[in-house]
Every structure is written in C-alpha cells, then in structure tokens.
Amino acid sequence: MLKDILILGIESSCDETAAAVVRNGREVLSNIISSQVPLHTIYGGVVPEIASRKHVEKVIPVIREALQEAGVTLQDIDAVAVTYGPGLVGALLVGVSAAKGLAYAAKKPLVGVHHIEGHVAANYLEHPDLTPPFGCLVVSGGHTHLVEVEDYGKFSMIGRTRDDAAGEAFDKVARAIGLGYPGGPKIDRKAKEGNPLAIPFPKASVDGAFYDFSFSGLKSAVLNYLNHAKMQGLSVNDADLAASFQKAVVDVLTEKSAALIRERGYRRFAAAGGVASNSALRESLKTACEKEGAAFYAPSPIFCTDNAAMIACAGYYEYIAGARADLALNAVPNLKLGER
C-alpha cells in the first residue's frame, strides 16, 4: 500500500495569508485564510507595504492553525510548498522566508510553486475525475490567460491580456461607480439588479492574436460614460452600468474560450482564478461548454480566491515529479507561467 503524501502549502502573494495541508494532492485536511480585505478597503485597493507587514504578523499563526486543524505535526509533513511568484515582492518574501525556515528546521523538502499553476490546480481539489490534458481560462486580478494544461505542472500559453486583467478592470470600474473594493464581488451583486443590455460597451479584439485579451478600452469606455453623464447632468443607473460592463467582460471571455474548445477539440475545460467565482461568468462558460460538448469545471468560490490548498495541490504534483528548491529560493514577482 502506498504511503500517503502530506503537503503543507503556504500562500502570501497578495493580501491573503494562507496555509493548508493537503493529502495526496486531492484531499484538503485544512485550509486557513487570513484575509486583509478590511485593511485595504479604505484605500480602494491593496497597499503593498501594509500587506507585507500583515503577512509578517499572521504567517506563523496561520501555519500553526493549519497543522492543528489537519491533526498533524510538521514532522508528519512530506514537503513544504510555497508560492514564490508572481505577486507583490514584499508579500511573496514573507511566505518564501517562512517556508524556507520551516523546511530547514524540520529537514523537509522545499517546493516552489507558481501562483497561476496553483489556481489551475484548485480544480483538482473538488473534481477527482479531472486530469490533463484540458483547456483552462485563468482569470484573476492580475492575470487573464487561456492555457492548455498538457500535464500536471506543464502548460502551453495560448492567449493573454495585453493590458488590464479582467479582475483589475472589475476593481477599477467598481471604484469609479462608488462600489468600493474588492470590485469583483460587488459588481457581481450589483449587476443582478440591472439590465445587461442597457449600455452597449465595446468588446475589444487584438489584431493578429485572436486569443489575446484587452480590457483597457472597456475600462476607458465606462469612465467616459460616467464623465459624459456628469458633464450633462444626467443620472446614472449603477445597476445597469455594472450589468452592462460585466456582460462585456463575460462575453469576451466566453467567446474566446468557446472558440478554443472548438479549435482544439477539448472534452474538458476549466476556469480558475478569483474572477472564476463570478456567477455570470460561471453560468456563461457552463452553457458554452455544454453547447460545444465539453465538460465544464470550476472550483468552489473559496478555492477560486487566493488560498494555500491550491498551492499544496500544485506542490504535490511538483513533488512527485521530483521538483525540489534549495534555500536560495527567492521571490520572483513577474514569474511567467512555465518558467522555473
């Protein structure tokens, strides 16, 4: 009988301090998240220095709680997996430093994990039937990618944003219409009250790169709409604006995903990242996949946002493939998917 493998995952790339224990890459024994959203809300977005200082305060208590909830000790752990990029450099350094210290003290292997690889791996936590290869839309505050998951930990980039990520556009538009931070969930809720056909916002395309994205023009169109209304003394229906903006984003993400499914003949397609928790996007992608004859996968919302269970999951597959990091592991804030 094969021995169970326990991975301690640590995540601190932005404004969540998280630790988790996952067994055999699929079974979550604990998933502890200390969110900083209330701290950053008053500033309308994440303040890197505040995020880093809070990570320093929270990282050891969060790790201790994750081990306790899982009913294991550090000596029971087979490896320590940690996000080392991309993300905010100061925030990443806290998690990386904690992971290196624990691995050294406990004489455990250290595994560096790409944050986006973690988001993709979040799908494995709840879908035991999902195995590579499959297509995946990764959509978050800092990234919007279309990728082919060729194997565990092996990716082929097909499309990416040329400017703003979808989640970044959500945050900026939410701030512009006075909804505050974080923008994604607030626009999702407000859009349910509005008419998505009320305002015909543009859907940008990138010449010569069909699968690439661009959301800066859409963001500018929303700001121009608001400025024009203000200059003309016109009232703005925030619910209609939120619904129309959200539809423009969701339509583009869905259309390109559906086209990729048709072109590559995927039988499985997944969504990942914080924006994958958006209810309109999930429903639209599910409908598109059904139409194209592909099974659709998405993590529960708790595993869409930054968490350490996804890092432990990705770390498990890196670990069994033989990947190891030494104590020279450093934060790489602009780490590209597929890089080591």
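The values are calculated or read from the model by the stated rules, or taken from the named source; none is laboratory data. What you are looking at is a predicted structure, and each value in this text was computed from that prediction instead of being measured. Cβ: placed from backbone, ideal geometry, glycine included. Neighbour counts: every protein chain shown.
Filtering the range 237-249 for residues that are modelled with pLDDT of 95 or more, part of a helix (DSSP H, G or I) and within 23 Å of residue 157 (Cβ to Cβ) leaves a non-empty set.
Only one entry of 170, 213 meets the criterion of being in contact (Cβ under 8 Å) with a residue 40 or more places away in the chain and touching a strand residue (DSSP E or B) at 6+ places or on another chain (Cβ under 8 Å), and that entry is 213.
Can you find a residue that is in contact with a helix residue (DSSP H, G or I) (Cβ under 8 Å, 6 or more places away or on another chain) and among the acidic types (Asp, Glu) anywhere in the range 10-24? Among the residues of the range 10-24, at least one is in contact with a helix residue (DSSP H, G or I) (Cβ under 8 Å, 6 or more places away or on another chain) and among the acidic types (Asp, Glu), which makes the answer yes. When each of 47, 28, 21 is tested for being free of Cβ contacts under 8 Å to residues at least 40 places away in the same chain and either more than 19 Å from the chain's Cα centre (by Cα) or surrounded by 15 or more Cβ atoms within 10 Å (Cβ to Cβ) (or both), the lone residue that passes is 47.
Quick check: anything in the range 301-315 free of Cβ contacts under 8 Å to residues at least 24 places away in the same chain and not polar (S, T, N, Q)? Scanning the range 301-315 turns up no residue that is free of Cβ contacts under 8 Å to residues at least 24 places away in the same chain and not polar (S, T, N, Q). For beta carbons closer than 9 Å, sequence separation of 6+ or different chains, a first residue in the range 51-63 that is in the same structural domain as residue 79 (by TED's automatic domain parsing) and a second that is in a helix (DSSP H, G or I) and at pLDDT below 95, the qualifying pairs are 51/39; 51/40; 54/39. Restricting 113, 147, 120 to those that are more than 26 Å from residue 23 (Cα to Cα), surrounded by 24 or more Cβ atoms within 10 Å (Cβ to Cβ) and not polar (S, T, N, Q) reduces the list to 147. Could you please let me know if residue 169 is more than 28 Å from residue 311 (Cα to Cα) and outside any loop (DSSP other than H, G, I, E, B)? Spelling it out, it is not the case that residue 169 is more than 28 Å from residue 311 (Cα to Cα) and outside any loop (DSSP other than H, G, I, E, B). Of the residues making up the range 264-289, those that are surrounded by fewer than 24 Cβ atoms within 10 Å (Cβ to Cβ) and either of a type outside the set (Lys, Arg) or assigned to a helix (DSSP H, G or I) (or both) are 264, 265, 266, 277, 279, 280, 282, 283, 284, 286, 287, 288. Can you find a residue in the range 112-120 that is charged (D, E, K, R), touching a residue at least 12 places away in the same chain (Cβ under 8 Å), more than 19 Å from residue 334 (Cβ to Cβ) and in the same structural domain as residue 67 (by TED's automatic domain parsing)? The answer is no; no qualifying residue exists. Determine, yes or no, whether residue 242 is assigned by TED's automatic domain parsing to the domain that holds residue 139, surrounded by fewer than 17 Cβ atoms within 10 Å (Cβ to Cβ), among the small types (Gly, Ala, Ser) and on the phi < 0 side of the Ramachandran plot. So residue 242 fails the test.
Annotation: of all residues in the range 31-44 being of a type in the set (A, V, I, L, M, F, W, C) and crowded, with 17+ Cβ neighbours inside 10 Å, the one that is farthest from the chain's Cα centre (by Cα) is 32. Look at (1) in contact with a Cys (Cβ under 8 Å, 6 or more places away or on another chain); (2) among the small types (Gly, Ala, Ser); (3) at pLDDT below 95 and you find that residue 338 fails only one, number (1). Scan the range 296-307 and tell me whether some residue there is of a type outside the set (Lys, Arg), over 18 Å from the mean Cα position of the chain (by Cα) and not in a helix (DSSP H, G or I). No: the range 296-307 contains no residue that is of a type outside the set (Lys, Arg), over 18 Å from the mean Cα position of the chain (by Cα) and not in a helix (DSSP H, G or I).
Residues that are in a loop (DSSP other than H, G, I, E, B) and not hydroxyl-bearing (Ser, Thr, Tyr) within the range 120-144 comprise 126, 127, 128, 129, 130, 132, 133, 141, 142, 143, listed in sequence order.
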